[in-house]
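Peer 1: Here's a structure for you.
The values are calculated or read from the model by the stated rules, or taken from the named source; none is laboratory data. Everything quoted here is computed from the prediction, not taken from an experiment. Here the Cβ is made from the backbone with ideal geometry for all residues, glycine too, and neighbour counts use every protein chain on show. Please note that ligands, DNA and RNA were not included when accessible areas were found on the heavy atoms of the full protein model with its side chains. Shrake-Rupley method; radii C 1.70, N 1.55, O 1.52, S 1.80 Å.
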Amino acid sequence: MRNKNQPQNKKLKICMIVQDPSVKGGIAAVTGGYYGSRLEQDFDITYVESYRDGSKLDKLTKALKAYREFRKVLKKDRPDIVHVHSSFGPSFFRKYPIIKMAHDAGIPVVNHIHGSALDELYTNAPAWKKRMVEKSYGSCDKLIVLSEDWKKKISAIVPAEMIEVVPNYSVIVPEMVSEGVMDKRFEKKQILYLGRFDNLKGVVDIPAIADKVIKKFPEAKFILGGTGETEPTEAEIKRLHLEDTVLLPGWIRGDEKIKLLKESSIFLLPSHMEAMPMSILEAMGYALPIISCEVGGIPRVVSKDVNGKLYKPQDVDGMADGILSYFSDRSAWEEASRQSLRLADEGYSFDSHINKLEEIYYTVARK
C-alpha cells in the first residue's frame, strides 16, 4: 500500500485497487501510467495492490494482504471513492470482497472493468454465478468499460446509465514519423507481437503467418514478446522450421519494449477476443500499422484500411497478405503509420483518459 500524495482537505480521497506494477498484463500497463501523473496531483490517492504474478499461493497471499490493508484504509483514512480495477475470471472473485466491504461501509465504488470474457462470467454462467455478478455490479455506483460495445453487453446486467466508457490510452511519440526513422523502420521488416500467450490471443497462428511472409520477404523477423502457454507456439515454430524467423524473447518491458516498438515495422495481434488491447494503443502511439482481427473493441481503435487491416480470427492467409501488402507498398505503409499516430493522438491521449476519470470521480462524489 502506497500513499502517493499528502492528504489535503480540498482533494477527494481515492482508494485505488490495483495490481503490483510488475504484473505482466494490460491492467498493470494502464494503472502504471497513473503513478506520478496529474491524477495524483488532483486527488489524494492511496493504492492497494491486490494481485501479483506467481504461484497460486503467491496470488492468494497477495489478495489476503490486500483485504487487511483495505480494512485499515476504511478505518484510518476513509476514502471518498473506491476505484477498483477488475476483470473477469478469478479477478472478479478477488475484487468481490473489496466491493462488498466498500458498499457496506457506504463508500461509493467505481468498478473499472478491463476484461473481455463476459460469456464465461455471466452470459453462459450458472444461476448462482449470475446472481453474484448482479449483486457485485449492482453494488457499484459506476462501472467503467473500455468501449461502446462493452457498454451494450454490460447493460444486460446493470442499467446503461451506470456505465461509462473510458478507453485505454496511448503515449504519443511523434518523432516516429520523421523521415530518417521511417526509413529504418520500413527496411527492418520486423513484425512485433506483445501480449500473453494463450488461446484467446491467437498467438499460435503467428508461425503460419510468418511462413507465408518469408516466402516473399525472407529477411522478415517476427518478435513475440510475452509469457504464458508458449509451448503450442514453440511447437509450430519447430514444425515449420522458423527458429531463425520467429523469436520469443519472453516478457518485454521498459527500455527493451520501447526499443522494439521504435524498431518495428508492423504490429500484429491475431486475437480471438479482446476488449480494448493496451498493446495496440501503445503500438499506434509509436506509429505502427496494425494487423489484427475484427473482435471486441479492436475495430473502434483500428480503422480498417486506414491505420491497419482487420481480419476474421484465424485467417492466417488474410493476415499474411496484409503484412505483405504493406511491405510491398511503402507509400501505403507510410500512410498507415501516420494515421496510427494521428488516431492515437486524437482519440486516445493520456490527458483525455485522465479527464474522463476525473469527471467520473466528481460525478460520483456529488451523489
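Peer 1: Only one residue in D205, D255 is modelled with pLDDT under 95 and part of a helix (DSSP H, G or I), so which one is that?
Peer 2: The unique qualifying residue is D255.
Peer 1: Please enumerate the residues belonging to region 252-286 that are crowded, with 17+ Cβ neighbours inside 10 Å and either of a type in the set (F, W, Y) or free of Cβ contacts under 8 Å to residues at least 40 places away in the same chain (or both).
Peer 2: F267, I280, Y286
Peer 1: Additional query: Given the condition open to solvent by less than 10 Å² (accessible area, probe 1.4 Å), modelled with pLDDT under 95 and not in a helix (DSSP H, G or I), answer yes or no: does some residue in region 217-227 qualify?
Peer 2: So far as region 217-227 goes, yes, one or more of its residues are open to solvent by less than 10 Å² (accessible area, probe 1.4 Å), modelled with pLDDT under 95 and not in a helix (DSSP H, G or I).
Peer 1: Residue check, L261 against (1) over 16 Å from S170 (Cβ atoms); (2) out of contact with any Gly (no Cβ under 6 Å at 6 or more places or on another chain), all met but one. Which one?
Peer 2: So L261 meets the others, but not (1).
Peer 1: If C140 meets every condition in (1) surrounded by fewer than 21 Cβ atoms within 10 Å (Cβ to Cβ); (2) closer than 19 Å to H85 by Cβ; (3) of a type outside the set (F, W, Y); (4) at pLDDT 95 or above apart from one, which number is that one?
Peer 2: For C140, the exception is condition (1).
Peer 1: With respect to A63, determine if the residue is out of contact with any Gly (no Cβ under 8 Å at 6 or more places or on another chain), over 18 Å from V158 (Cα atoms) and buried (at least 18 other Cβ atoms within 10 Å of the Cβ).
Peer 2: yes
Peer 1: When both residues are 6+ apart or on different chains and their Cβ atoms are under 6 Å apart, which pairs have a first residue that lies in region 103-117 and is closer than 16 Å to M162 by Cβ, and a second that is part of a loop (DSSP other than H, G, I, E, B) and open to solvent by less than 30 Å² (accessible area, probe 1.4 Å)?
Peer 2: Final answer for the pair search is H103/S139; V109/C140; N111/C140.
Peer 1: Something else about it: Taking region 291-302, which residues are over 16 Å from Y169 (Cα atoms) and either surrounded by fewer than 24 Cβ atoms within 10 Å (Cβ to Cβ) or not hydroxyl-bearing (S, T, Y) (or both)?
Peer 2: I291, C293, E294, V295, G296
Peer 1: Does N355 count as at pLDDT 95 or above, open to solvent by less than 10 Å² (accessible area, probe 1.4 Å) and of a type outside the set (A, V, I, L, M)?
Peer 2: No, not satisfied.
Peer 1: Consider V73 carefully, then state whether it is at pLDDT 95 or above, under 26 Å from V158 (Cβ atoms) and out of contact with any helix residue (DSSP H, G or I) (no Cβ under 8 Å at 6 or more places or on another chain).
Peer 2: yes
Peer 1: Tell me, please, whether a residue that is among the β-branched types (V, I, T), assigned to a loop (DSSP other than H, G, I, E, B), open to solvent by 60 Å² or more (accessible area, probe 1.4 Å) and at pLDDT below 95 can be found in region 105-125.
Peer 2: no
Peer 1: Mind listing whichever residues of region 73-105 are touching a strand residue (DSSP E or B) at 6+ places or on another chain (Cβ under 9 Å) and over 18 Å from S136 (Cα atoms)?
Peer 2: Those that are touching a strand residue (DSSP E or B) at 6+ places or on another chain (Cβ under 9 Å) and over 18 Å from S136 (Cα atoms): V73, L74, D77, R78, P79, D80.
Peer 1: Do you know which residues across region 29-56 are of a type in the set (A, V, I, L, M) and at pLDDT 95 or above?
Peer 2: Passing the criteria: L39, I45, V48.
Peer 1: Across region 185-203, which residue is nearest to R253 (Cα to Cα) among those that are open to solvent by 40 Å² or more (accessible area, probe 1.4 Å) and in contact with an Asp or Glu (Cβ under 6 Å, 6 or more places away or on another chain)?
Peer 2: Per the criteria, the residue is D198.
Peer 1: Continuing with this model, one more query. Can you tell me which residue in region 6-37 is nearest to M276 (Cα to Cα), limited to those that are charged (D, E, K, R) and in contact with an Asp or Glu (Cβ under 8 Å, 6 or more places away or on another chain)?
Peer 2: Top of the filtered list is K24.
Peer 1: Taking region 283-339, which residues are of a type outside the set (K, R), modelled with pLDDT under 95 and either farther than 27 Å from E148 by Cα or assigned to a helix (DSSP H, G or I) (or both)?
Peer 2: Answer for region 283-339, where residues must be of a type outside the set (K, R), modelled with pLDDT under 95 and either farther than 27 Å from E148 by Cα or assigned to a helix (DSSP H, G or I) (or both): I298, P299, V301.
Peer 1: Ok, one more. Which one of the conditions (1) farther than 24 Å from D351 by Cα; (2) at pLDDT 95 or above; (3) in contact with a strand residue (DSSP E or B) (Cβ under 6 Å, 6 or more places away or on another chain) does M1 fail to meet, given that it meets all the rest?
Peer 2: Only one criterion in (1) farther than 24 Å from D351 by Cα; (2) at pLDDT 95 or above; (3) in contact with a strand residue (DSSP E or B) (Cβ under 6 Å, 6 or more places away or on another chain) is unmet by M1, namely (2).
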